[in-house]
1. So if a site counts as exposed when it's one of the trypsin sites (Lys or Arg not before Pro), its DSSP state isn't H, G, I, E or B, and it has at most 14 other Cβ atoms within 10 Å, what's the longest stretch of chain A without one?
2. Check region C:20-220 and count each lysine pair with an alpha-carbon distance under 22 angstrom, considering only pairs eight or more places apart or from different chains.
3. Picking from B:208, B:173, B:241, whose Cα lies most toward the positive end of the charge dipole for region B:168-263 (charges on Cβ: Lys, Arg +1; Asp, Glu -1)?
4. Taking 0.36 nm per residue of sequence separation and subtracting the Cα-Cα distance, how much length would be gained by fully extending the chain between residue B:270 and residue B:5, in nm to one decimal?
5. Could you work out, for region C:1-98, what percent of all Cα-Cα pairs fall into each 10 Å distance bin, beginning at 0 Å and stopping at the bin that holds the largest distance?
6. Using only the Cα atoms of chain C, what do you get for the radius of gyration and for Dmax, in Å?
7. May I ask for the percentage of alpha-carbon pairs in the protein assembly as shown that lie more than 50 Å from each other?
8. By DSSP, what percent of the beta bridges with both residues in region A:3-256 are antiparallel, rounded to the nearest 5?
Amino acid sequence: MTAPLEKGKENNMEPLLAGIGVTKNFGGLTALNKLDFAIYPGEIVGLIGPNGSGKTTLFDCLTRVQGLDSGRVIFKGVDVTKKKPYQVAHMGLARTFQVFRVYRKLSVFENMLLSRQWRGETLLRQLKPSHPDTEERANELLEFLTLDHLTHELAGNLSGGQQRLLEIGMALMPEPDLVLLDEAASGVNPVLIETITDRIRQLSEKEGTTFLLIEHNMGFIGDLCSRVFVLNFGQKLAEGTSEEVMQNEDVIEAYFGS
Amino acid sequence: MDRIIAIIQGIVFSRRTHIILLVILVLMPLLHFGRESCKDEGQLAAMIPEASCSYLIDEKPVTNATLLTFTQMFILIILASNWNLTGGFTGYIDFGHAVFFGIGAFATANLMGASRWEEWPALLSDWSFWPAMAAGGLVAALFALMIGSATLRLKGPYFSIAMLGTLVAVREIVRVSKNFSGGGLGLNLPIYLNRPMFYYLSLTIMVLIIGFISWLRKTEFGASLVAIREDEVGAEMRGINTTLHKIAAFGTAAFITGSVGGMWAYQNTFIDADIAFQQTRTIDMVMMSMLGGLGTVAGPVLGSTVMFWLRDVVWSNFLLYHQIFEGILLIIIVLFVPEGIMGMFDRENSGTSLNQIIKGWFPKSSPDEEDSQ
Amino acid sequence: MDFSELLIQTLINGILIGGLYAVMVLGFSVIWGVMGVINLSHGDFLMVGAYLTWVLNKQYGFEPFVALFLVMPAMFLFGYLLQRLLINRIIERPPLIALLVTYGLGISMASTVKLMYTANPRITTTQFSGYLEFGNVVLPVTKSLVLVAALVMMVGLFVFLKYTRFGKSIRAAAQNKEAARMVGIEIDRVYAITFAICIALTGAAGMLLSPLGSISPFMGGAWTLKAFAITAMSGLGNIPGALFGGMVLGLVENLLATFVPGVGAGVGIISSFVLLVLVLVTRPQGLFGGLRAAQEIR
């Protein structure tokens, strides 16, 4: 393994997120095959691989939307393999979806408010009006994502690209420790990609937010990621910096065939 | 056409209209008060058939029958709005909601001394109406918590059918438990023939419920219910404890429905397993909410009102055929007007949820389901 | 009768009725499996078959088991027309639509029958009655004949689905409509005929139950619930599974009826429901992998 992985170990940091022997089958199809990986706090890691290599499935398993057939997932030192999705979210994990899912019949603003950090909330608290801090944060994020002119529009009426941005905003609302972005750049105009790139970098440096990005846009990955995993047929094919990975023969073969 | 719709919309939804309506409804029975009523002739009065009180019917513009009719309509509106809490807002289409109505009815009846069981504890008899009604709601809510923890795990149509099965099964179980239900004989509650009281009670509850649901929708809890309907998996993943929310909504709806069941039992004076757990009641709730617009606050109110008058005015003339009509009407509504009246008013922003509930059962929608939003 | 004889009698009764239940269920689960439609009016079709038999029996003097050969084609035609006119519109649409439409259909059918024949309970009389006695235990002739008829129909269905060309088309359509279309199978025709066959089977089940107990216009609901419970236990379109599930339900019902005093006529509903809940709670996907996607969100 190469330098960036060692960096975490050098500083004796515990991984923020680790997967051990992660396996997931769908009927006869093995989507994830005894996958091992570790992500350290503050990193921005890329996850690439041909279609069907198991990237989104991995995200599903990490957020507990799907269960594992075997293996474990450890988040912040806690074994979350059997936890419920909302519990993992409370611990500080956020995610966007490849096929974006926003709450279509709610307004953009409500979408944001509902995505805030729910940890420690009681049911009764939700009968009261929303906290001004939350609203402020929502507005700030919406402005940053250039969606503020649509605040009270029904989310379902937004264009595809706008909905993807909204999803990113919703993922950032709870001030998560780890953000899983599934193809955040697709369908978004290049100027905005720049802004998002800056924001991710800013969050990573200032707040120590960790990111794991699934991407096909190699430019995006190259700009941001200190480390890249390559997945193929549910297994880790390669790992390293984006240059190393792009020159890896196995990776080239996986993408383009021989 | 659009102009006309806009005008109707303006009238139906304005606050002024609502206040005027409310005032009319409140004052109406006063045309009934102050004159002699059969009630004044004591307990015997309940035995006297309406026809003998004909001097009432002739003299008064607002008769007992009218009040009863309106009371029934209010109850319908309450039940439909209530059902909408689980069905329309949260997206769990409950085909057996009437079970809570029946449970509330029987609980209230037993507490008010109607029990036929010799060993029924004295502490639990002869309660007065108000605590009995509230207790009816509580019992129903407890049952909801119990059954909901199992059924709310099921998705879509399985939930619907499981609840329908619950209704049917509870009906049989209650029928068979003669100690609680009186079996075929049913239960007789203390007689209290006071139509105006029930009228005002149901009117009050109706106004309160509409207000409650309207308020609830604006709270975060209400929004989270809609979120659960739109994307339950996504909501759960974003930190919402969906199980807790679903059960809370389910239990609340059950409590209200159960209480109303208790009130209805008292008003009816007689209940048995068949009429308390009448299957058509749930379908009424579903149909009226759909007709009005699933998942909106005004939907059930509109739908219930329209349906009620349809039944009472039009179909009572075709009494024999009306059930057939209703079956056909359901088919027509589902196939041709699924978004309901509210959906017709405001296609884009109506917030009606039938399409969304449907889509939610097919996350990767089939190519036929075009986005009609 | 001592206890063991009582038990044996109960078991016999349960097994005998299981055959009827199995045939009854197949009409429901095959429609579901092939077309994705959960037919809430299933019990009402049963009721229609029963009433048809009754009319033939009482007004025209047909022996019920002979009337079977008239009832089945009639129901086949009825089903075919209904599918073309109505069911077609709800097929590839989500389940809620199917639930509500079929429910409305059921109500309409039951009300129509009530209008025509009143709500008075009816029953048919068959020449094949009486008992074969084995000591204190009896084998009712009618029920036995019902079981035989049911088994014959199930074998027939099995052979049809497995070995005939059309049967194979049906199975193909159930598994993958697009692929079936591409191979040249006319899906619409498959749906129509499948539905018709299922309604014919259901009507036959209605005939079979008409001499066993009274029938009334609104009896359908309990039977639909039974069908759902058995399908949960047996899977969609699974013939041996239906037999298994039918017998389980039959056994539970008879055991309850014999050994639990006062349980009354509602025993069927209660048994179905309890079984259904048990299955759904312990294995939401049904035994034999039956129900699709009735799973918790994890």
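Where a number appears in this text, it was derived from the coordinates with a stated rule and is not lab data. In this text the structure is predicted, and so the values were computed from the model without any measurement. Using ideal geometry, Cβ is built from the backbone for each residue, glycine included, and neighbour counts are taken over all protein chains shown.
1. My reading of the result: A:120-258 is the longest stretch.
2. On the way: C:58/C:114; C:58/C:143; C:162/C:177; C:168/C:177.
Lysine pair count for region C:20-220: 4.
3. B:173
4. On the way: separation 265, 0.36 × 265 = 95.40 nm, distance 4.39 nm.
Using 0.36 nm per residue and subtracting the Cα-Cα distance, I get 91.0 nm.
5. The percentages, shortest bin first, are 13, 33, 27, 18, 6, 1.
6. Computed over the Cα atoms of chain C, radius of gyration and Dmax are 18.9, 63 Å.
7. 29 percent
8. Just about 55 percent of them are antiparallel.
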